[in-house]
Each structure stands twice: as structure tokens, then as C-alpha cells.
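Notes to accompany the following structure.
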Amino acid sequence: MNTKNTTKEISTGELRIRLEQIATADEYAGIDTLLSRGSDGFDWAEMTIGSLRRLMEAAFQAGLDAAHSEGITQVVKSDEVYTEADNKVIHPAPELINDEDEAGRVGTHGIDNVWIPVGGDKYALIYTTWANATGWRKVPAIYTKQPGGTYQLARWNEAGFDFNRMRAEAYPEALTWAINNA
């Protein structure tokens, strides 16, 4: 009997996506992506040895399953594959803000946050945060002042502005969006 060995490949980008589905499970909280983001705060994750062992076992089992069910036998280096989740900001605009102090703690770098009135009972929050794999963003959000003094999210620009270049222009672009959408 003549059997032919065949190699079925998976790209490193596709492998990352599969492994992220395991690593981003609630048990491993704090891991948003397996892409390096150039920041110790994002590129290091603390977990128990038991969690690390279960994570490695789950990844090994996923590899065995892929080899058996899909015939994958080799990983080949490729350009990174980005998913929609890679472009989502880590800190979405909160639905409710109690006061200006709380607005100053939204996002990754609260010290850079701006909270300003933009007309009537509307306020703009512009904050800095990280998108999973694609960089820093200036994110604008519009809030409406509620009876009792809280602020309710009216709308926000999830895509934000800047895209990891930390350009000075990102703030005016975000503010312009906020004023035009108040």
C-alpha cells in the first residue's frame, strides 16, 4: 500500500486567532490579545500556575484537535491577520459617569482626559485608551446631564482618532467630532 505524506499548513496569523480564543477566556482575565503592544502594562499578564497549566493544556489539546480533524501538520510564518476585535478599544465609554473626577479615570491615561461642556446639557469626554492590537486612540464620547447630577452616554466614536501615532492632531479631531455630534 502506497501512502503519500501531505503537509497541511496554518499561518501564524490564523494560529494567533485560534490561540486567542483560548487565552481570552474569562479564566485568563487580563489577556486581550496575543499581539505584542510594546507596553509592559499590556504585554505582561499575571496568572496562577494552575491557570497557566490549564491554558497550556487547552492550547495543546486544540493543536491535537486541529491535527486530527483538519490534518494541520505545520505552522508557517505569515503577515499578521487582524480581526475586528483587534481594532476595538479596551476601555469603552461607560454608560454612566457620576462626576468630573470619574470622567478623569476613564481609559488608559486618565491624566490626558478632557471633560468639557459642548452646549446645553451635553458634555464631551475625550480620553486616551488602547485598541487591542492597533494602537493608542483618542476616543470622544458625548454625555447628557441627568437629573440628580449624573451623566448618561448619548453616543461615542468607538474607532477614535490617532491610531498609535500619538499625534497632537488627534485631540482636535476628537474634539471636532464631539462638537459636531453633541
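Each reported figure results from applying straightforward, stated rules to the coordinates on display, with no laboratory input. Just so you know, these numbers come straight off a predicted model, no measurement behind them.
Listed values, structure above:
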| read-out | value |
| --- | --- |
| Average projected area [Cα convex hull, segment 39-78], square nanometres | 4.3 nm² |
| Residues of type lysines that K122 reaches as a straight line, Cα spacing below 21 Å, ignoring anything fewer than 8 places off in the same chain | K138, K145 |
| For segment 8-84, alpha-carbon Rg and Dmax in angstrom | 13.4, 37 |
| Over segment 59-116: Rg over Rh, Cα atoms, Kirkwood Rh | 1.32 |
| Computed log₁₀ I(q)/I(0) - Debye formula, equal Cα scatterers, no solvent, segment 93-180, q 0.17 Å⁻¹ | -0.62 |
| Per-selection Kirkwood Rh - the chain (Cα, Å, 1 d.p.) | 19.0 Å |
